Amino acid sequence: MARRESRDRDERDSEFVDKLVHINRVAKVVKGGRRFGFAALVVIGDQKGRVGFGHGKAREVPEAIRKATEAAKRNLIRVPLREGRTLHHDIDGRHGAGRVILRAAPPGTGIIAGGPMRAVFETLGVQDVVAKSMGSANPYNMIRATFDALKREQSPRMVAARRGKKVTDIVGRRADGAGEALASE
């Protein structure tokens with residue numbers, strides 16, 4: 001029984017891709033001097049619309065990364081994606097002094113985003129997005145601002161359900177026929 005549970009846990013863990021975003025050496029001042037430890041920031045996702053981030057601190061780097069990964073698995077969010085490759089609409093996100101702008105992009109654009117935001121989009125499974133970070137360059141604030149924006153992402157289906165309408169009423173007819181593709185999603 002225990003063997004099956006551990007195998008299930010391994011399979012569940014293997015579906016996730018994790019990226020180490022930042023490692024910071026931190027010091028705690030004690031009577032004899034400084035005690036050094038490490039803080040790790042990790043982003044984890046299944047590349048199918050689920051993503052999370054976590055922060056872990058420990059005396060050794062691998063232990064800090066393990067703690068951060070566990071924290072990230074507990075903080076997963078689901079983000080609706082258009083055609084499984086980009087965002088449905090443009091969004092702004094804020095956290096502290098960090099501000100990010102995320103924009104949907106046409107096929108073939110790729111991930112145009114810097115550092116910590118790139119890690120979020122790669123683990124999320126987004127292939128086409130344009131993102132700009134304004135304000136804080138602190139990776140923690142950038143990631144939290146990005147997650148703030150992603151939490152506000154809404155699909156046409158969510159908007160239609162909230163308004164009590166059909167998806168085709170919300171999206172309308174697009175020139176490229178994407179409106180019908182969204183309605184079938």
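General remarks:
- Scanning the range 46-65 for residues that are crowded, with 19+ Cβ neighbours inside 10 Å and within 18 Å of residue 153 (Cβ to Cβ) turns up 51, 52, 53.
- Residue 43 falls short on exactly one of the conditions (1) surrounded by fewer than 17 Cβ atoms within 10 Å (Cβ to Cβ); (2) in contact with a Ser or Thr (Cβ under 7 Å, 6 or more places away or on another chain), and that condition is (1).
- The residues of the range 90-107 that are more than 19 Å from residue 136 (Cα to Cα) and either aliphatic (A, V, I, L, M) or modelled with pLDDT under 90 (or both), listed by number, are 104, 105.
- Total residues in the range 114-168, condition among the acidic types (Asp, Glu) and open to solvent by less than 20 Å² (accessible area, probe 1.4 Å): 2
- Scanning the range 73-96 finds no residues that are assigned to a loop (DSSP other than H, G, I, E, B), without any contact (Cβ under 8 Å) to a residue 40 or more places away in the chain and open to solvent by less than 30 Å² (accessible area, probe 1.4 Å).
The values are calculated or read from the model by the stated rules, or taken from the named source; none is laboratory data. As the structure is a computational prediction, the values presented were derived from the model and not from experiment. A quick note on method: Cβ atoms are made from the backbone with ideal geometry, for glycine too, and the neighbour counts reach across all protein chains shown. Side chains included, ligands, DNA and RNA excluded: accessible areas come from the protein's heavy atoms. Shrake-Rupley method; radii C 1.70, N 1.55, O 1.52, S 1.80 Å.
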